[in-house]
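S.K.: Below you will find the structure I want to go over with you.
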Amino acid sequence: MTDQTDQVDQTADTADYPDVDPLTLDANAVAGILHEVFGSEMTGASSRCGHCGNRAALGTLRVYDRDGPGIVMRCSTCTEIVIRLMRRPDGSYLVDARGAAYIRF
Amino acid sequence: MALNWQVATVTALRDETPRVKTLTMFVPGWNAHRPGQHVDIRLTAEDGYQAQRSYSIASAPTDQPLVDLTVERVEGGEVSPFLHDEVIVGDRFEVRGPIGGYFVWDGAAADPLLLVAGGSGVVPLMAIVRHRAQVGSGAPCTLLYSSRTPVDIIYAEELDRLAARGGGLRVIHTLTREQPLGWTGYRRRIDMSMLGEVLAQTGTMAMAFVCGPTPLVEVAATSLVGLGLAPSQVRTERFGPTGA
């Protein structure tokens, strides 16, 4: 893990992989926030995707954390949204986890 | 267990490459980390403005309460140039951690390990390599490590030393932009055929940890599954567009 929001000249590198969204992260990148929200380590917690039924650790989710207030976490198998997390201005969080059939922790 | 902010004091600084520096922090009461975990750092300016970033832990758990973070300087970044140019020994900032429970390797498993790194993606994998050496793990370990040029190889001497020790660690470098005279190793980005050659030597029973820029991780993880590893055997840490 490194300084994720910092970006360098990667035009040449990313152009070699046209199908890859270079800003995609793993759930590990938001492990600290997940811990804050759920009160325990969550990337090792097992979950089941509510869309395709894939069972995997939350750490396998793909994370899209851009400039906005929200973090979107997608299933690594079917790419549907599993969890949406929004930081509110007062410091609280809004969690929409309807894309998960369950999360065990 | 709650994740609390703690005060870390910088006790040492070391240049690893022209763009990469290691900060050693002393964190009183620090819980020993698991190799592969990271910390969040929070910097607060005098006007109250805060910036937060995550950095992988490079050191082995036995070094606690000293924790090494290896940080790549990213031009135009908010935090890494500060850590590179401004921080001196004795400075303090806030950290919380250790964080993460998925991209970790505890040293108990004897399964062969395959570590695939791009650029500073080697940092959490180095914690695994160091831990593996310290606990005398019998798990055979291969590190495939992509760097741009010879001077960009982080931990080059230590990796050479550990590999030469004969403890079952192999280090395979690929240099994508510039190679020294007489270089006989790989000279291209990590791809499926390269991973196929490496796997032919380690066997497909390996547990794989892949860390680096997102495009590299994407290619490596997809290739490893294509080469026969189960998705559950491949753990990834994509860190975005920063290049290797």
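The values are calculated or read from the model by the stated rules, or taken from the named source; none is laboratory data. This is a predicted model, so every value here is computed, not measured. A quick note on method: Cβ atoms are made from the backbone with ideal geometry, for glycine too, and the neighbour counts reach across all protein chains shown.
S.K.: Of the residues B:188, B:170, B:238, which is part of a loop (DSSP other than H, G, I, E, B) and either touching a helix residue (DSSP H, G or I) at 6+ places or on another chain (Cβ under 8 Å) or within 14 Å of chain A (Cβ to nearest Cβ) (or both)?
M.R.: Every option except B:188 fails the conditions.
S.K.: Only one of these is in a loop (DSSP other than H, G, I, E, B), of a type in the set (A, V, I, L, M) and within 23 Å of residue B:199 (Cβ to Cβ): B:116, B:104. Name it.
M.R.: B:104
S.K.: Here's another thing I want to ask about it. Can you tell me how many residues in the range B:187-206 are crowded, with 17+ Cβ neighbours inside 10 Å and either farther than 16 Å from residue B:233 by Cβ or of a type in the set (A, V, I, L, M, F, W, C) (or both)?
M.R.: The qualifying residues number 7.
S.K.: Please specify each residue of the range B:104-134 satisfying the condition of being under 12 Å from the mean Cα position of the chain (by Cα) and without any contact (Cβ under 8 Å) to a residue 60 or more places away in the chain.
M.R.: Answer for the range B:104-134, where residues must be under 12 Å from the mean Cα position of the chain (by Cα) and without any contact (Cβ under 8 Å) to a residue 60 or more places away in the chain: just B:129.
S.K.: While we're on this one: What pairs can you find where one residue is in the range A:27-51 and at positive phi, the other is surrounded by fewer than 24 Cβ atoms within 10 Å (Cβ to Cβ), and their Cβ atoms are less than 9 Å apart, with a gap of 6+ or different chains?
M.R.: A:39/B:1; A:39/B:2; A:39/B:3
S.K.: Something else about it: Of all residues in the range B:194-228, which are within 14 Å of chain A (Cβ to nearest Cβ) and assigned to a loop (DSSP other than H, G, I, E, B)?
M.R.: Matches in the range B:194-228: B:213 only.
S.K.: A further question follows. How many residues are modelled with pLDDT of 70 or more and either part of a strand (DSSP E or B) or aromatic (Phe, Trp, Tyr) (or both) if we restrict to the range A:1-55?
M.R.: Summing the residues that are modelled with pLDDT of 70 or more and either part of a strand (DSSP E or B) or aromatic (Phe, Trp, Tyr) (or both) in the range A:1-55 gives 8.
S.K.: Here are some residues: B:69, B:144. Which one is assigned to a strand (DSSP E or B) and farther than 24 Å from residue B:218 by Cα?
M.R.: B:69
Per-residue answers, yes or no, for (1) at pLDDT 95 or above; (2) in contact with a Phe, Trp or Tyr (Cβ under 9 Å, 6 or more places away or on another chain); (3) farther than 23 Å from residue B:212 by Cα:
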position	(1), (2), (3)
B:20	yes, no, no
B:23	yes, yes, no
B:57	yes, no, no
B:64	no, yes, yes
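S.K.: Outside any helix (DSSP H, G or I) and modelled with pLDDT of 95 or more: which single residue out of B:95, B:129, B:122, B:74 fits that description?
M.R.: Sole residue among the options that is outside any helix (DSSP H, G or I) and modelled with pLDDT of 95 or more: B:95.
S.K.: Give the residue, chosen from B:78, B:72, B:86, B:16, that is within 20 Å of residue A:33 (Cβ to Cβ) and of a type in the set (D, E, K, R).
M.R.: Every option except B:78 fails the conditions.
Residue by residue, here is whether (1) of a type in the set (Lys, Arg); (2) modelled with pLDDT of 95 or more; (3) not assigned by TED's automatic domain parsing to the domain that holds residue B:223 holds:
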position	(1), (2), (3)
B:88	no, yes, yes
B:106	no, no, yes
B:117	no, yes, no
B:136	no, no, no
B:145	no, yes, no
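S.K.: Please specify each residue of the range B:173-192 satisfying the condition of being more than 12 Å from residue B:118 (Cα to Cα) and of a type outside the set (D, E, K, R).
M.R.: Residues satisfying the conditions are B:179, B:180, B:181, B:182, B:183, B:184, B:185, B:186, B:192.
S.K.: Being small (Gly, Ala, Ser) and closer than 18 Å to residue B:208 by Cβ is the filter; apply it to the range B:139-173 and report the residue that is surrounded by the fewest Cβ atoms within 10 Å (Cβ to Cβ).
M.R.: B:168
S.K.: Considering the range B:25-56 alone, what residues qualify as being within 16 Å of residue B:69 (Cα to Cα), assigned to a strand (DSSP E or B), β-branched (Val, Ile, Thr) and more than 15 Å from the chain's Cα centre (by Cα)?
M.R.: B:41
S.K.: OK, next. Out of (1) touching a Pro at 6+ places or on another chain (Cβ under 6 Å); (2) without any contact (Cβ under 8 Å) to a residue 12 or more places away in the chain; (3) not β-branched (Val, Ile, Thr), the odd one out for residue A:87 is which?
M.R.: Checking residue A:87 against (1) touching a Pro at 6+ places or on another chain (Cβ under 6 Å); (2) without any contact (Cβ under 8 Å) to a residue 12 or more places away in the chain; (3) not β-branched (Val, Ile, Thr), the one that fails is (2).
S.K.: Which condition number does residue B:81 fail, the rest of (1) facing another protein chain (nearest Cβ under 8 Å); (2) without any contact (Cβ under 8 Å) to a residue 40 or more places away in the chain being met?
M.R.: The number of the failed condition is (1).
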